[in-house]
Amino acid sequence: MKNENITTLDNILFDKTNKLYEFNNSTECISSDEANFNDKIKKRSNKLTWSYKKDKKILQSVDSVCPHCDSSNTIKHGITHRTLRFFNETIKRLCIQRYKCNHCGKTFQTDLSSIVDKNANITNELKETINVLFQECRVKLRPICNSIAHLGKSKFCHQTVQNIAEDNTVDFKIDPYLVSGYLDFDVQWIRPESGWSYRFVLFDTVNNIPIAEKIYSEETNETVTEFLTESLKNITVKCICTDLDTKYKPIIEKLGYNHQYCLFHTKMNINKKLKLKSKENKDNKEYQKTHKKLKKELYSILDNSNYKQSWDQLNKLAKHLEGYNKEISKFITETLQPFFKSFKRWTDDNKIDKTTNKIENYFRVTYPKADKRKERTIHGVITKLNHRRQQWIRNNSKLEKTTKF
Ligand SMILES: [Zn+2]
């Protein structure tokens, strides 16, 4: 039974890896053959090639330019070794060509950045495979780990798989001291073909930039709490504005922050509850008259910058709710009255925004609705989001231009 499970997962892995290779415009299957391994390396970078010296196979640069001074006047200068873990290969100990620069005299080695991060031994290929399995195929960490060990014919640490899987996020965070503390929080739904993901963003409305961003596979009290706790470390929060999602307010207040509801969303919600355009009310003149008047009254309560005045206005209104439809009456007594402060935080401080328009604009620009059908994988989306965020910060940031990201 156990072996059957592994075989099934191996098939998925092969399938998925072939897909990964298709992304690189190749439909060739991989195998652990030496020739195919050589090709696999070349496919990841056209700057790498193999050379053979006696019985040694050495990985070297196609053109060896000095990374210190950009000179191409360089000579070969011995060999170093890297022990690397690829997907579906036994652990490889590779010979890497070293070079010496005739111009500046410094030494360097073949640039392997397309294959593996500096000082790492888990290759990018293996990381990508883990991410595809975890994020897109929703395979659990334990079977991923077992299968990698099985295919590589040596143990693979569960913690390593977990670290890699959890790292597959936009995961962007700005220096806390740059943040104004006036924030919007919202979650955007992202749908690559493989299923929904959730883009959590905290947005600084004074500086007009995102301050933290992360992709989650689900939106729950736990993930929202985790994101806010992690992202707001060392930040002096003045207020966080959200839409009417009922999860957000209690979490934000439990963390000890002021909360403001978006008044634009509130007004849309009021309109919905007033049911002015519904079949039964459309031609009822009395209904139209009273409820249009109520709408005006509610809008004026929300927009009044004098807190005390609007609070009195609301309480006066709440005493005479007979004649209004049940839904709007319920909204007034069960939401507006008890949580009134959350609709009026902006009256304390003119830097607090009344709406979440800014973060929504950011969502619209960096991941427009039209894009929701374009990307096939979460990786494609993440690459795009990272790129567009940098673009946004360059074009829209109100921070001083000297600040580097
Ligand atoms: Zn040099």
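Scanning segment 65-95 for residues that are within 16 Å of the ligand (Cβ to nearest atom) and of a type outside the set (S, T, N, Q) returns VAL65, CYS66, PRO67, HIS68, CYS69, ASP70, ILE75, LYS76, HIS77.
Does segment 81-105 hold any residues that are surrounded by 14 or more Cβ atoms within 10 Å (Cβ to Cβ) and closer than 19 Å to LYS118 by Cα, and which are they? Listed by number, the residues that qualify are ARG82, LEU84, ARG85, PHE86, PHE87, LYS92, LEU94, CYS95, ILE96, GLN97, ARG98, TYR99.
Among residues of segment 126-148 that are among the small types (Gly, Ala, Ser), those with a beta-carbon under 8 Å from a residue that is modelled with pLDDT under 80 at least six positions away or on a different chain give the pairs SER147/ILE6; SER147/LEU9; SER147/ASP10; SER147/LEU13. TYR362: outside the structural domain of ARG388 (by TED's automatic domain parsing) and not small (Gly, Ala, Ser), yes or no? So TYR362 does not fit the description; no.
Which of the residues that make up segment 342-375 are touching an Asp or Glu at 6+ places or on another chain (Cβ under 9 Å) and among the charged types (D, E, K, R)? Within segment 342-375, ASP353, LYS354, LYS358, GLU360, ARG373, GLU375 meet the criteria. Would a scan of segment 57-64 turn up a residue that is within 16 Å of the ligand (Cβ to nearest atom) and modelled with pLDDT under 90? Yes - at least one qualifying residue is present in segment 57-64. Can you name the helices (runs of 4 or more DSSP H) wholly within segment 208-292 that have at least 1 residues being under 25 Å from the mean Cα position of the chain (by Cα)? Filter on segment 208-292 gives 221-231, 248-254, 263-274. For a quick check of your reading of the model, give me the residue pairs whose first member lies in segment 248-265 and is of a type in the set (Val, Ile, Thr), whose second is surrounded by fewer than 17 Cβ atoms within 10 Å (Cβ to Cβ), with beta-carbon atoms closer than 9 Å and at least 6 apart or on different chains. If the second residue must be surrounded by fewer than 17 Cβ atoms within 10 Å (Cβ to Cβ), the pairs left are ILE251/ASN221; ILE251/THR225. Does segment 348-359 include one or more residues that are under 30 Å from ILE190 (Cα atoms), surrounded by fewer than 11 Cβ atoms within 10 Å (Cβ to Cβ) and assigned by TED's automatic domain parsing to the domain that holds PRO210? Within segment 348-359 (the criterion being under 30 Å from ILE190 (Cα atoms), surrounded by fewer than 11 Cβ atoms within 10 Å (Cβ to Cβ) and assigned by TED's automatic domain parsing to the domain that holds PRO210), the answer is no, since none of the residues qualifies. Scanning segment 96-154 for residues that are within 16 Å of the ligand (Cβ to nearest atom) and within 31 Å of the chain's Cα centre (by Cα) yields a single hit, ASP111. Can you pull out every residue in segment 272-287 that is surrounded by fewer than 15 Cβ atoms within 10 Å (Cβ to Cβ) and polar (S, T, N, Q)? SER278, ASN284 - these are the residues of segment 272-287 that are surrounded by fewer than 15 Cβ atoms within 10 Å (Cβ to Cβ) and polar (S, T, N, Q).
The values are calculated or read from the model by the stated rules, or taken from the named source; none is laboratory data. For clarity, every value in this text was computed on a predicted model and none was experimentally measured. Counting neighbours? That spans all protein chains shown, and the Cβs are built from the backbone with ideal geometry, glycine included.
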